Amino acid sequence: MTQTPREILLSTDNLVKVYPAADKPALDGLSLNVARGSIFGLLGPNGAGKTTAISILCTLLRPTSGGVSILGHDVVRQAKEVRRLIGLVPQDIALYPSLTARENLRYFARIQRIPSRKIETRVNECLELVGLLECADRRVATYSGGMKRRANLAVGILHQPEILFLDEPTVGIDAQSRSMILERLTELNRGGMTLVYTTHYMEEAQQICDEIVIIDAGKVIASGSPKTLVNDAADCSNLEELFLALTGKQLRD
Amino acid sequence: MLLLANIKKELLLLSRDRAGLLVLFVMPMLLVLVLSLIQDNLFRATGETATRAIYLNLDQGALGGKLGALLESTGSLDLITDFAGEKRDISSARQKVFSGDYQFAVVVPPEFSAEITSAAETAVQSAFSQKTTDLTTGQLMIFFDPTVRGVYRTAVTNSLYRGLLGLEIAQKSEAFARLLPLEVQRSINQQLGTEMAAQMQLDLPVISSSWSRQSLIELTEESAYPEKYQTLPTSVQQNVPAWTLFGMFFIVIPLAGTLIRERQEGTLTRLMTMPVGNGSLLLGKVFAYQIVCLIQFGLMLSVGKFILPLLGTPVLELGSAPLALIIVAISAALAACGYGILVGVLARSYDQASSFGAVSVVIAAALGGVMVPVYVMPRVMQDLSVLSPLGWGLEAFLDIFVRNGNLLSVLPGVAALLGFFLFCIFCASVVFCRWRRGI
């Protein structure tokens, strides 16, 4: 039985980004294809170009050259259309700390143009999904680190985006919150949402990603499913060992 | 809908910072209250009302009292002769000035009347004999507070000279009236001989001394532009709108701060990945802070109308064009908020925004005549003052409060303020667009 090729939802073609006054490019010919319904891991050491790539894909940064499209829309020329399709869970807790989680979600729901009559239902669904329904009326400033991360995720999925970008969504939180976030991400993916995920935790990537690319100095140095990559590498029993073998052990910052 | 969502969010954020909100409303009220009171005193000291001064009259004759009456009749001096039980001597008069209770003291010496009468008589005699005689002039002493500025000191000295001149003329006239018949008699005696002169029944001229007090020229004072400056503003009419505008423009700092905080917290980055227009994001802030500005405006006018009069200032008269007043207030608030957005977009940190925002508002206030009237500034500064949005607002408010201005007469000021708002928003949008396009 032949497997039907999955639809490519996001693709980049020879993407280059050179920051002003930088001596080398942050992205140097990056080409990616992300299939619909996958969890795509974008891995790399600090300074490899992950955040630059995510910023370009989320319409926050213009590439110096190369093409990027999401569901056929050019990210540079059709940024407005692309913004309706994407969700972002940034590395920062991008919430208003003096507002409650519910107030934050209501505000971002309006900005995402969710119809007024559906806002309360959708806000409650998202709060429940991340386990914050009971403390939704507390100010975000009073939340623990894990709760803030979960609220940050809830805002990203409010409008049920086609593709969700997650920039290190589990950094600096306890094992329980981390486990919950990973479970919810898997659930969302099962529901049809495509995820592009960056992390420094290799076991997370190995656990949830269907496909990964490892980039360094703005270039892809390995790509494939985590399992295949580990199996194909001699002397590597897991993704972390493979990652260190490919990128080296020297400090990057 | 998106604009409303942004306005609602901004108001919600403001309402959560109660201490900040208190500062936003209470500090401008305090500013108007304190500065209007201080400036009110300055208005009084620089001629709007009589200046209070110590008058120590030690004269043993009547001229010391006459001089005091002459000085008070000018209307610019209110002389204090009662030392409230303290010893009436030169050292206590000097002490009262030194301690800052009064800005100056006039001391009339004991021999003042005798000396001035004698000097007047000598002067008239010298005139009759066509000789120049060195006069033994009377002395009048003034103690000035060393902090008193030049113009004020000159005004007081001029009042004193004016009083003394009146007194001198009166004394010389009296001496002339008294000495003229004697001088005529002496001249006849000399020309005809004493015996013949005695046989003649001469009717010698008698001169009334009152002629010396009659003015020969009347000085009429009239504004060069009576249609525009029919009435001069009272201290409150000048200070309340001036410092109200100053307070409103300080909205720049918290408003710029919200933009910078959103950038630092990452919420702005998140918003930039969402389907929301730049206009909605920026104008949401403008309109929310516009509401704050207008509440500030109402509170600060209330201070002028109800609180300042309790502290001895005139009541703030608001004129008879409430619609024009509201439109000027809205335009000024928009100008302030537009500037706040521009500073917020251009500044890279809160420190930058707060220091640049505050200093630029102070400079604009100084240029616009908030602190000192434009007409006392150097010519270059006067030319530059037309660039100040605070000046445009102040001129429009004064037009309504003082000159019975209406919507038509404040239109240039309103247009300038709205133009400034649009300019700021346009520049901020250009920068914002560049951020959003990742340039």
Out of all the residues in segment A:79-92, which are facing chain B (nearest Cβ under 7 Å) and within 24 Å of A:T199 (Cα to Cα)? A:R83, A:I86, A:L88, A:P90, A:D92
Taking segment A:93-103 as the search range and keeping residues that are free of Cβ contacts under 8 Å to residues at least 60 places away in the same chain and under 22 Å from the mean Cα position of the chain (by Cα), which one is farthest from B:L11 (Cα to Cα)? A:I93
Can you pull out every residue in segment B:84-108 that is of a type in the set (S, T, N, Q), assigned to a loop (DSSP other than H, G, I, E, B) and surrounded by 14 or more Cβ atoms within 10 Å (Cβ to Cβ)? B:Q103
Residue pairs meeting the criteria (Cβ under 7 Å; at least 6 apart or on separate chains; first of a type in the set (A, V, I, L, M), in segment B:242-258; second modelled with pLDDT under 95 and not in a helix (DSSP H, G or I)): B:A242/B:V370; B:L245/B:V370; B:A256/B:A347
Could you give every pair whose Cβ atoms fall below 9 Å, whose first residue belongs to segment B:266-279 and is more than 7 Å from every other protein chain (Cβ to nearest Cβ), and whose second residue is crowded, with 19+ Cβ neighbours inside 10 Å and among the β-branched types (V, I, T), counting only separations of at least 6 or pairs across chains? B:G279/B:I425
Taking A:R106 as meeting all but one of (1) farther than 21 Å from B:I7 by Cα; (2) within 13 Å of chain B (Cβ to nearest Cβ), write down the number of the exception. (1)
What tally of residues in segment B:160-218 results from selecting those that are free of Cβ contacts under 8 Å to residues at least 40 places away in the same chain, touching a helix residue (DSSP H, G or I) at 6+ places or on another chain (Cβ under 6 Å) and assigned to a helix (DSSP H, G or I)? 6
Inspect segment B:4-12 for any residue being within 11 Å of chain A (Cβ to nearest Cβ), polar (S, T, N, Q), surrounded by fewer than 18 Cβ atoms within 10 Å (Cβ to Cβ) and over 23 Å from B:G312 (Cα atoms) and give the result as yes or no. no
Pick from A:G29, A:G41: which is under 19 Å from the mean Cα position of the chain (by Cα), in contact (Cβ under 8 Å) with a residue 24 or more places away in the chain and either assigned to a strand (DSSP E or B) or crowded, with 17+ Cβ neighbours inside 10 Å (or both)? A:G41
Complete set of residues in segment A:159-199 that are under 21 Å from A:R122 (Cα atoms) and of a type in the set (S, T, N, Q): A:Q160, A:T186, A:N189, A:T194
Within segment B:88-108, can one find any residue that is in contact (Cβ under 8 Å) with a residue 12 or more places away in the chain and under 30 Å from B:S208 (Cα atoms)? yes
Those residues that are within 14 Å of another protein chain (Cβ to nearest Cβ) and within 21 Å of A:L239 (Cα to Cα), I need them from segment A:41-67; list them, please. A:T51
For segment A:56-72, give me each residue that is assigned to a loop (DSSP other than H, G, I, E, B), within 18 Å of the chain's Cα centre (by Cα) and more than 20 Å from A:M193 (Cβ to Cβ). A:L60, A:L61
Residues of segment A:197-232 satisfying the condition of being among the aliphatic types (A, V, I, L, M) and crowded, with 16+ Cβ neighbours inside 10 Å: A:M202, A:A205, A:I208, A:I212, A:V213, A:I214, A:I215, A:A217, A:V220, A:A222, A:L229, A:V230
Which condition breaks for A:T142 when tested against (1) within 9 Å of chain B (Cβ to nearest Cβ); (2) without any contact (Cβ under 8 Å) to a residue 12 or more places away in the chain; (3) surrounded by fewer than 18 Cβ atoms within 10 Å (Cβ to Cβ); (4) closer than 18 Å to B:L12 by Cβ? (1)
Kindly indicate the residue of segment B:385-406 that is farther than 19 Å from B:F249 by Cα and surrounded by 15 or more Cβ atoms within 10 Å (Cβ to Cβ) and also farthest from the chain's Cα centre (by Cα) among those meeting that condition. B:N406
If I ask for residues that are within 14 Å of chain A (Cβ to nearest Cβ) and assigned to a helix (DSSP H, G or I), which ones from segment B:391-439 would you list? B:F432, B:C433, B:R434, B:W435, B:R436
Taking the stated definitions as given, is B:G368 buried (at least 23 other Cβ atoms within 10 Å of the Cβ) and at pLDDT below 95? yes
Any chance segment B:220-240 includes a residue that's within 28 Å of the chain's Cα centre (by Cα) and at pLDDT 85 or above? yes
Within segment B:252-265, can one find any residue that is at pLDDT below 95 and at the interface with another protein chain (Cβ under 8 Å from one of its Cβ atoms)? yes
Tell me yes or no: at least one residue of segment A:118-131 is surrounded by fewer than 22 Cβ atoms within 10 Å (Cβ to Cβ), within 14 Å of chain B (Cβ to nearest Cβ) and either modelled with pLDDT of 95 or more or at negative phi (or both). yes
Residues within segment B:60-108 that are within 26 Å of the chain's Cα centre (by Cα) and among the basic types (K, R), tallied: 1
Would you list the helices (runs of 4 or more DSSP H) that sit entirely within segment A:104-213 and hold 3 or more residues that are closer than 20 Å to B:T267 by Cα and within 15 Å of the chain's Cα centre (by Cα)? A:145-157
Tell me which of these A:A48 doesn't satisfy, since it passes every other one: (1) within 12 Å of the chain's Cα centre (by Cα); (2) more than 16 Å from A:L10 (Cα to Cα). (1)
From A:L158, A:L229, A:L242, residue being within 14 Å of chain B (Cβ to nearest Cβ) and on the phi < 0 side of the Ramachandran plot: A:L158
Return yes or no: is A:T100 over 20 Å from B:L281 (Cα atoms), touching a Leu at 6+ places or on another chain (Cβ under 6 Å) and buried (at least 20 other Cβ atoms within 10 Å of the Cβ)? no
What is the residue count in segment B:48-83 for residues that are without any contact (Cβ under 8 Å) to a residue 60 or more places away in the chain, over 22 Å from B:E115 (Cβ atoms) and assigned to a loop (DSSP other than H, G, I, E, B)? 5
Only one residue in B:V156, B:V148, B:V124 is closer than 14 Å to B:L71 by Cβ and either touching a Phe, Trp or Tyr at 6+ places or on another chain (Cβ under 8 Å) or touching a residue at least 60 places away in the same chain (Cβ under 8 Å) (or both), so which one is that? B:V156
Could you grab the pairs with beta carbons closer than 9 Å, sequence gap of 6+ or different chains, first residue in segment A:52-73 and surrounded by fewer than 22 Cβ atoms within 10 Å (Cβ to Cβ), second one acidic (D, E) and assigned to a helix (DSSP H, G or I)? A:L71/A:E81; A:H73/A:E81
Within segment B:230-342, helices (runs of 4 or more DSSP H) holding 3 or more residues that are more than 28 Å from B:R18 (Cα to Cα): B:235-249
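The values are calculated or read from the model by the stated rules, or taken from the named source; none is laboratory data. As the structure is a prediction and not an experimental result, all values here were calculated from the model. Virtual Cβ from ideal backbone geometry, glycine too; neighbours counted across all protein chains shown.
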